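Worksheet: one structure, shown below.
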Number of protein chains: 2
Amino acid sequence: MSGPLSTQELEKIDAYWRAANYLSVGQIYLKNNPLLERPLTLEDLKPRLLGHFGTTPGLNFIYVHLNRIIRLHQANMMYLIGPGHGAPGIIANTFLEGSYTETYPNIERNADGLKRLFRQFSWPYGVPSHDAPEVPGSISEGGELGYSLLHAYGAAFDNPGLIVACVVGDGEAETGPLAASWHSNKFLNPATDGAVLPILHLNGYKIANPTLLARIDPDELEALFRGYGYNPYFLEGDDPQTMHQQMAAVLDTLYAEIRAIQHKAREQKDASRPRWPMLILKTPKGWTCPRTVDGKPVEGTWRAHQVPLSKVHSNPEHLRLLEEWLRSYRPQELFDANGTFREELADIAPKGRLRMGANIHANGGKLLVPLVLPNFRDYAVPFETPGSVEVSATQVLGGYLRDVMRKNLGTKNFRMFAPDENASNRLQAVYEASGKRWNARYEDVDESLSTEGRVMEVLSEHLCQGWLEGYLLTGRHGFFSCYEAFIHLIDSMFNQHAKWIKSAKELPWRADIASLNYLLSSHVWRQDHNGFSHQDPGFIDHVANKKADTVRIYLPPDANTLLSVTDHCLRTKNYVNLIIAGKQAAPVWLDRESAVRHCAAGIGTWDWAGHGEGEPDVVMACAGDVPTLETLAAVTVLREWAPELKVRVVNVVDLFTLEPVEDHPHGLNHEDFNRLFTEDKPVIFAFHGYPAIVHKLTYKRANHGNLHVHGYKEEGTTTTPFDMTVLNDMDRYTLALDAIRQAPAVRHRLDAAEQRYSEVSQRHKLYVSEHGEDMPEVKGWKWTAR
Amino acid sequence: MSGPLSTQELEKIDAYWRAANYLSVGQIYLKNNPLLERPLTLEDLKPRLLGHFGTTPGLNFIYVHLNRIIRLHQANMMYLIGPGHGAPGIIANTFLEGSYTETYPNIERNADGLKRLFRQFSWPYGVPSHDAPEVPGSISEGGELGYSLLHAYGAAFDNPGLIVACVVGDGEAETGPLAASWHSNKFLNPATDGAVLPILHLNGYKIANPTLLARIDPDELEALFRGYGYNPYFLEGDDPQTMHQQMAAVLDTLYAEIRAIQHKAREQKDASRPRWPMLILKTPKGWTCPRTVDGKPVEGTWRAHQVPLSKVHSNPEHLRLLEEWLRSYRPQELFDANGTFREELADIAPKGRLRMGANIHANGGKLLVPLVLPNFRDYAVPFETPGSVEVSATQVLGGYLRDVMRKNLGTKNFRMFAPDENASNRLQAVYEASGKRWNARYEDVDESLSTEGRVMEVLSEHLCQGWLEGYLLTGRHGFFSCYEAFIHLIDSMFNQHAKWIKSAKELPWRADIASLNYLLSSHVWRQDHNGFSHQDPGFIDHVANKKADTVRIYLPPDANTLLSVTDHCLRTKNYVNLIIAGKQAAPVWLDRESAVRHCAAGIGTWDWAGHGEGEPDVVMACAGDVPTLETLAAVTVLREWAPELKVRVVNVVDLFTLEPVEDHPHGLNHEDFNRLFTEDKPVIFAFHGYPAIVHKLTYKRANHGNLHVHGYKEEGTTTTPFDMTVLNDMDRYTLALDAIRQAPAVRHRLDAAEQRYSEVSQRHKLYVSEHGEDMPEVKGWKWTAR
Ligand SMILES: Cc1ncc(C[n+]2csc(CCOP(=O)(O)OP(=O)(O)O)c2C)c(N)n1
Ligand SMILES: Cc1ncc(C[n+]2csc(CCOP(=O)(O)OP(=O)(O)O)c2C)c(N)n1
Ligand SMILES: [Mg+2]
Ligand SMILES: [Mg+2]
């Protein structure tokens, strides 16, 4: 078989590949005798065989051939693998190239190190079975399948020198996020971004089934990827020698094509969308493992997915097959007497930073440049008295974000992401600083689109999230704005990212990355055009389940606090920050400096709204913009219904202040909590989301028994804004009534208050059903000082 | 323009379309003057203009043309629309065909009814703005975009006589679930299933951006759909007359092609996968609305998405344009003096059940046939003493499900769904009754695949969930098994389905549908092959946020209770049932009848495990299989560490028993709760998921202050099963120690216990790091009676 490789090159590449395969099998099976210096015995085996071989030889094959391209061209490449359960292969390769030992010096490049390398894999207090943060060169865990290509594109954005090779599993390709993410090529600018080299790993099977893409006609397969806008190359086979030559040849072609595209875009300033090349690589699942076991085909079938030989402990034939399999890689040719990988083989790997396990982008925190932020105080909304001015909080924030964008255009390290919703969420001012990225066809009518735009909009929450993760993990900054209800689409992606951060923090060699910032708007209380399907504040609960040192939740009550909170979030690292704020015109409560102080504390009394500093009869607490509005309106209602009632208003911006400090770093200590909420007075708490989470955060608090939380209780439809609060018992009248009900001081007023309540709620129902909008007294309500 | 339509037909179809468009605009804008009998004034306008016009004329165009096909062929068709915000069009059409008035008699077919029809839309206590349960003929709300095609396929399965026309928004097509769902055609059997007719609605825009599919080259677009396995037809234009002729012609072709495919499969028994036809329909967004407004193009752009004219209240020119627009449909030609749709036009609609708004499948509960269930007791695992027999609970369940499958093969109304995980979750026995559905290419090596299989496996949780929803909503039954961690992928889909059920229940005309049943296995505590990414029990919390009358959560502690719980779930309607059970071998605690009794109560003391009936010193509570095991082991530890301690064991199967009965129908009343948990004794509670939810459910309970919940606290990796419990402080030793710490009776034993605890936990750490598996005393532990 002729091809670009000399006989010697081919031999070395094959040996290198065999070494990687050998180490992969070793990690899964062995805890001893790593060089097979003596016949394999039961004592050499791990008691629990955990790990996945099926995907691994293919990953190893690609790795060694990418190494060749890197060496040939001094290319800057990252390697992302969708099926992250192929970690044994990545660990093996980073070990062979030396980046593993550099990261973990105790895993030496000798027989001792080999033994430890094998033993630690999927071993208690060792390393996990996936391409986790522990693996050098990884930014994509791959445990939950579907995000590899998104991470790859996110990494390539604004890294014009980088090529991200991304292996997509043919099973992974069936997932929704992956199926949509091929279209990312319409958002990549060949001049200013790097390249993504997708490699569809068509090994034919997933866990227990064939894959769709392996079982459609070849012309359909080709059409699909042409339809996605790629120029697909095909390579299929199982004879290693032939495959090495062909792989080298096709990678030469792919590499040249990438460079030609970039040349055309960069040198010839051709802005048209290229058809990026990709590779469809068809090899047997479990390539090189035993062909049949117990009379059943294994190599090339789903049976190779995890552990091709599973009964090695009890079945001597399996043990024999395992030894035969291991020896088929001829370890004695690969490692010297010390157990060190032979110099002449190790030598074909790239050196230093060019090793994929040492690529600096995969430890993105090392490249992190802090954002240059405008002074958020300059955007604060002035007013004469609290509540006298109404603005759209997100629109105000849009002005600030526009300037965040502007100030970092030079550094090219900030992007915004939204599922077609930035304008709907009133952040459109950002388009003044940078357009919406669009590398597909333009028409005359288009507005604010740009081939160099830094605002990423596509109708997929998954794409937004995945790109952003890839962008953050490679050391940049981002901001994701989304409708509150639909952020649940990426619940599981958030989980995985939060888990990544948690694990990465425990690794001293991983540098901190910028936080992932969510702004949820068009929230549950103001879905004017939409209805019940758009009403769901449960992301708060979802986020709150993750590690306290990783997550933050902010409910700024107005525009000025939203500015302060966002400024803070953009400076933080290693968190997920969740900010929830409305887009509709709403009162501004705190002036610039009060807003800053309030946000710094995260919680506080609003003495101007209550009866000042003395001990109150009731605490009216609130978190969220609509709850704050209703609470303040309730205070004015109480002036009429129970004038002598002494009210204290407490507003919560930082939700975790409610939790004890033992449980969350932002939590109040018990004295401070009791100072705010008292130890025995009723607390009427209006909350943006599902009420239960307030109980969950406060159940250890002294006054918890007196907490009466009003929030969203899953009642909704297309109705007026105020009626939404009525449907969920969070309206001003219900809050006022509850205060009177709970406060012994005014119990005598309860009957009258109940009567007034039933009058006003009846008036409300009749008015809105007749007029289709809220009563003038509600719509036109303004805060007034006592 | 010639074509299949006679001049008269064409005129009628156009008039019908104009009527639908007129009614759509009317719903968005008018509360009065529905027939424009006098010039439009401000008083005629709704105060808040809520709704979406952009998508609607296209939907209406398709509707009237499908009507023609239905009439021509007496076809049984359903109409699903992805962009559910096009509801004004569906409401208009069902009104015109009469199915709306049949469902809602107060919306009469005259001027009065018209006025009410307009007024109620997006009006308080009226109807929501989306294609919600309130809309006759709908099974897909469309509020959260991406699931229309999945619902369509789910509806078509096992309905060989049905054609499901499904409009996919070109924006919607960018979502992950939708992008993957085109591949559903590889799971549809042309002989035994119905047909899906996908119509890609290429109106060019989403909310504020062009769509990808409208901005790629035509050859890419065609290749993409050929690659997805379809035979795409294209129709593009904006001249109504031409478009009517062409649409009629192309639908004739599409219909004939569908029938030809079915004929080939059914009559000629050709089982090869057909290339189903689909339509790519390119029309202007907001077709027929004002071409320009304020000098800016509106028709054919994103500006038409919601309300093309938004300033009608304040801008007389907008008001004039609105009137002109409404009159452009020539309402006087469409409605008679009474405001009744003219007979000769109404007459072109299908009649009776053939009207798409009256299709019985869209009110699937009407077709629901209860499952024939085997006696689950026959599958119960016998034992001599509790804990003496170990089995895989899900494997036992597999045998039962196999027979559920068998007994309902004739009725064809039960399918199982899993993302490539049924076998991994040990349910493979079901393949004995029915294979895995596969209509793509076969190879020799394949096992358990079948073109008529009723087990649906694809590597996409979204596809499983979406198909299942469509299947349930059309009156059938299903069962979804999934890895616990990755069920979060469909959090948002679950939300939408739970919302659908809640709203549908409030409509007397909607019949009850079968519950959506989840079995989560490969759960957080036993991720032997995988690690941290696979460890997340948060779906419990997510489900618990939904309406109490819609959701149920079960944590059966062993195989026998799993059988009983599953049997129960399969009989229920209108719920989402969540069952969590492990797949690894684990002890069976309850015999057949005890299991039945325990599950019926949902919670109970296990007297055989504790100190019998007297008042205990401590309550050891548990929910979930691993927590139950650790709790019972803790009881045996306590016998050594604090022999005099009187222990009561309480096991929770039905999680909502913990909640007060006021909050959940399954909740215990306070007396019963106190009887179980005492009012003042410490409760050491080992819980399957995040601990906080137990507090959330019990914070109103008398003894809440004494509840010490141990559960998953987001500590995980690839380690031994027991070490997972140690990492999360839920192991037997920690539980035992906590019991001694909290129970005053044995406080004197605390020092000694702490010492023993530190000894044993050190021994554990050393042992697992040395041996890679759990200590013999742990692995080999067996329950023994006192
Ligand atoms: C979203 C998701 N669903 C299910 C799984 C369980 N799972 C692990 S590996 C696998 C099969 C992967 O197949 P493929 O992508 O083809 O990888 P390979 O064949 O290379 O191993 C599945 C379904 C998962 N990891 N993620
Ligand atoms: C998953 C999801 N994300 C975002 C939205 C917000 N949204 C509502 S309509 C719409 C655009 C829909 O565009 P398309 O599917 O093309 O529908 P059409 O043009 O026919 O209105 C968007 C993004 C949504 N409804 N669902
Ligand atoms: Mg595969
Ligand atoms: Mg569109």
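The values are calculated or read from the model by the stated rules, or taken from the named source; none is laboratory data. Worth saying up front: this structure is predicted, and the values here are computed from it rather than measured. Virtual Cβ from ideal backbone geometry, glycine too; neighbours counted across all protein chains shown.
Listed here are the residues, each with its yes/no results for (1) at the interface with another protein chain (Cβ under 10 Å from one of its Cβ atoms); (2) crowded, with 22+ Cβ neighbours inside 10 Å; (3) in contact with a Gly (Cβ under 8 Å, 6 or more places away or on another chain).
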site	(1), (2), (3)
B:D738	no, yes, no
B:A743	no, yes, no
B:E754	no, no, no
B:Y757	no, no, no
B:H764	yes, no, no
B:M775	no, no, no
B:W781	no, no, no
Here are B:N76, B:N60, B:N106: which of them is crowded, with 24+ Cβ neighbours inside 10 Å and more than 11 Å from every other protein chain (Cβ to nearest Cβ)?
B:N60
Restricting the search to the range A:181-205, which residues are part of a loop (DSSP other than H, G, I, E, B) and either among the small types (G, A, S) or away from ligand 1 (no atom under 16 Å from the Cβ) (or both)?
A:L188, A:N189, A:P190, A:A191, A:T192, A:D193, A:G194, A:G204
The range B:684-702, residues that are closer than 17 Å to A:V694 by Cβ and aliphatic (A, V, I, L, M)
B:A692, B:I693, B:V694, B:L697
Report yes if some residue within the range B:325-335 is more than 23 Å from B:F95 (Cβ to Cβ) and buried (at least 18 other Cβ atoms within 10 Å of the Cβ); otherwise report no.
no
For the range A:492-543, give me each residue that is in contact (Cβ under 8 Å) with a residue 40 or more places away in the chain, more than 19 Å from the chain's Cα centre (by Cα) and away from chain B (no Cβ under 13 Å).
A:W509, A:H523, A:W525
Quick check on the range B:168-177. Is at least one of its residues within 16 Å of ligand 1 (Cβ to nearest atom) and either surrounded by fewer than 24 Cβ atoms within 10 Å (Cβ to Cβ) or not in a loop (DSSP other than H, G, I, E, B) (or both)?
yes
Inspect the range A:215-225 for any residue being more than 13 Å from every other protein chain (Cβ to nearest Cβ), part of a helix (DSSP H, G or I) and not polar (S, T, N, Q) and give the result as yes or no.
no
Looking for whichever is surrounded by fewer than 24 Cβ atoms within 10 Å (Cβ to Cβ), in the same structural domain as A:A87 (by the TED database) and without any contact (Cβ under 8 Å) to a residue 60 or more places away in the chain here; the options are A:G113, A:G126, A:G161. Which one fits?
A:G126
From the list A:G194, A:G204, A:G229, A:G237, which one is within 8 Å of chain B (Cβ to nearest Cβ) and more than 16 Å from ligand 2 (Cβ to nearest atom)?
A:G229
Every listed condition ((1) within 12 Å of chain A (Cβ to nearest Cβ); (2) assigned to a helix (DSSP H, G or I); (3) under 30 Å from A:H542 (Cβ atoms)) holds for B:H708 save (2)
Given the condition within 16 Å of ligand 3 (Cβ to nearest atom) and either more than 14 Å from every other protein chain (Cβ to nearest Cβ) or on the phi < 0 side of the Ramachandran plot (or both), answer yes or no: does some residue in the range A:26-48 qualify?
no
Members of the range A:400-457 found to be within 13 Å of chain B (Cβ to nearest Cβ), hydrophobic (A, V, I, L, M, F, W, C), farther than 17 Å from A:L188 by Cβ and not in a loop (DSSP other than H, G, I, E, B), listed by number:
A:A418, A:V430
Odd one out for B:V167, checked against (1) within 16 Å of ligand 4 (Cβ to nearest atom); (2) under 26 Å from A:G716 (Cα atoms)
(2)
Matching option when the condition is more than 30 Å from A:Q535 (Cβ to Cβ) and either touching a strand residue (DSSP E or B) at 6+ places or on another chain (Cβ under 8 Å) or surrounded by 21 or more Cβ atoms within 10 Å (Cβ to Cβ) (or both), among A:L629, A:L645
A:L645
List the pairs whose first member sits in the range A:202-226 and is on the phi > 0 side of the Ramachandran plot, whose second member is among the charged types (D, E, K, R) and away from ligand 4 (no atom under 16 Å from the Cβ), and whose Cβ atoms are under 6 Å apart, counting only residues at least 6 apart or on separate chains?
A:G204/A:K285
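For every residue, the table says whether it meets (1) touching a helix residue (DSSP H, G or I) at 6+ places or on another chain (Cβ under 6 Å); (2) within 23 Å of A:S314 (Cα to Cα); (3) not in a helix (DSSP H, G or I).
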position	(1), (2), (3)
A:N21	yes, no, no
A:Q27	yes, yes, no
A:N32	yes, yes, yes
A:R38	no, yes, yes
A:R48	no, yes, yes
A:H52	yes, yes, yes
A:L59	yes, no, no
A:Y63	yes, no, no
A:N67	no, no, no
Please state which one of B:T292, B:T301 is at pLDDT 95 or above and surrounded by 20 or more Cβ atoms within 10 Å (Cβ to Cβ).
B:T301
Does A:A152 count as in the same structural domain as A:L59 (by the TED database), away from ligand 3 (no atom under 13 Å from the Cβ), without any contact (Cβ under 8 Å) to a residue 24 or more places away in the chain and surrounded by 24 or more Cβ atoms within 10 Å (Cβ to Cβ)?
no
Report, by residue number, each residue of the range B:174-191 that is within 24 Å of the chain's Cα centre (by Cα) and more than 7 Å from every other protein chain (Cβ to nearest Cβ).
B:L178, B:S181, B:W182, B:S184, B:N185, B:F187, B:L188, B:N189
Members of the range A:658-707 found to be at pLDDT 95 or above, buried (at least 20 other Cβ atoms within 10 Å of the Cβ) and basic (K, R), listed by number:
A:R701
May I ask you to say which residue of B:R406, B:R415 is within 26 Å of B:W182 (Cβ to Cβ) and either surrounded by fewer than 24 Cβ atoms within 10 Å (Cβ to Cβ) or more than 15 Å from ligand 1 (Cβ to nearest atom) (or both)?
B:R415
Does the range B:760-786 hold any residues that are free of Cβ contacts under 8 Å to residues at least 24 places away in the same chain and under 23 Å from B:M620 (Cα atoms), and which are they?
B:E777, B:G780
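Each row is one residue, and each column tells you yes or no for (1) away from ligand 4 (no atom under 16 Å from the Cβ); (2) within 13 Å of chain B (Cβ to nearest Cβ); (3) in contact with a Cys (Cβ under 9 Å, 6 or more places away or on another chain); (4) farther than 30 Å from B:D219 by Cα.
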position: A:A256; (1), (2), (3), (4): yes, no, no, no
position: A:P274; (1), (2), (3), (4): yes, yes, no, no
position: A:I280; (1), (2), (3), (4): yes, yes, no, no
position: A:C289; (1), (2), (3), (4): yes, no, no, yes
position: A:S314; (1), (2), (3), (4): yes, no, no, yes
position: A:R320; (1), (2), (3), (4): yes, no, no, yes
Residue satisfying all of: in the range B:227-247; in contact (Cβ under 8 Å) with a residue 60 or more places away in the chain and touching an Asp or Glu at 6+ places or on another chain (Cβ under 8 Å); farthest from ligand 4 (Cβ to nearest atom) among these
B:Q241
